[in-house]
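Notes for the one structure printed next.
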């Protein structure tokens, strides 16, 4: 028995239950707070880009396609380079990003680990040049009136002091 030092241990373990779980048949229990695959809700996203700024791995891309009076914005999350730190979800002001409990992302095709969503963002209306000119004229007239009142007040005070 001295020549095969682990034979005794091997024979004892031969009749014990396996330590591992039967994964595909019995799903694993996911602990609370687990950070798995990203779920992105494009309907609530405002396109602020905060998630892109805080992503240390650089796994979030933003693509903007201009349209008439709007923009189509597509956010793409690459799970292959994501570190699952959760900063994108923490910093999202509209809580459009959520880390799910999905842990099995095994694939042979890279496009299966890409999460993306597209939404439309309306552009503000272009200002009317006539309205801008009228507003500037009104502001100038108001400034002139204020200066005139201030000048009249100074003249009255000078008259009292003489």
Any hit, region 131-143, residues being in the same structural domain as residue 51 (by TED's automatic domain parsing), over 30 Å from residue 32 (Cβ atoms) and surrounded by 10 or more Cβ atoms within 10 Å (Cβ to Cβ): no
Among (1) touching a strand residue (DSSP E or B) at 6+ places or on another chain (Cβ under 6 Å); (2) loosely packed, with under 14 Cβ neighbours inside 10 Å, the one test that residue 40 misses: (2)
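Out of all the residues in region 23-38, is one or more within 13 Å of the chain's Cα centre (by Cα) and closer than 30 Å to residue 109 by Cβ? Reasoning before the result, please.
Step one: list which residues in region 23-38 are within 13 Å of the chain's Cα centre (by Cα), which gives 38.
Those still in the list that are closer than 30 Å to residue 109 by Cβ too: 38.
Yes, region 23-38 has at least one match.
Within the group 69, 47, 86, which residue is within 30 Å of residue 127 (Cα to Cα) and touching a strand residue (DSSP E or B) at 6+ places or on another chain (Cβ under 6 Å)? Explain how you work it out, then say what you get.
Working: 69 fails: touching a strand residue (DSSP E or B) at 6+ places or on another chain (Cβ under 6 Å); 86 fails: within 30 Å of residue 127 (Cα to Cα).
Going through 69, 47, 86 in turn, the sole match is 47.
I'm trying to understand the selection: among the residues of region 50-66, which are surrounded by 13 or more Cβ atoms within 10 Å (Cβ to Cβ) and either in contact with a strand residue (DSSP E or B) (Cβ under 8 Å, 6 or more places away or on another chain) or not assigned by TED's automatic domain parsing to the domain that holds residue 112 (or both)?
Taking region 50-66 as the starting set, the residues that turn out to be surrounded by 13 or more Cβ atoms within 10 Å (Cβ to Cβ) are 50-52, 54-55, 57, 59-61.
Result: 51, 52, 59, 60, 61.
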Given (1) outside the structural domain of residue 111 (by TED's automatic domain parsing); (2) under 30 Å from residue 122 (Cα atoms), number of the condition residue 13 does not satisfy: (2)
Count of residues meeting criterion [without any contact (Cβ under 8 Å) to a residue 24 or more places away in the chain and either surrounded by 10 or more Cβ atoms within 10 Å (Cβ to Cβ) or assigned to a strand (DSSP E or B) (or both)] in region 111-127: 1
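The values are calculated or read from the model by the stated rules, or taken from the named source; none is laboratory data. From a predicted model like this one, the values you see are computed outputs, not experimental measurements. Positions of Cβ are backbone-derived with ideal geometry, glycine not excepted, and every protein chain shown enters the neighbour counts.
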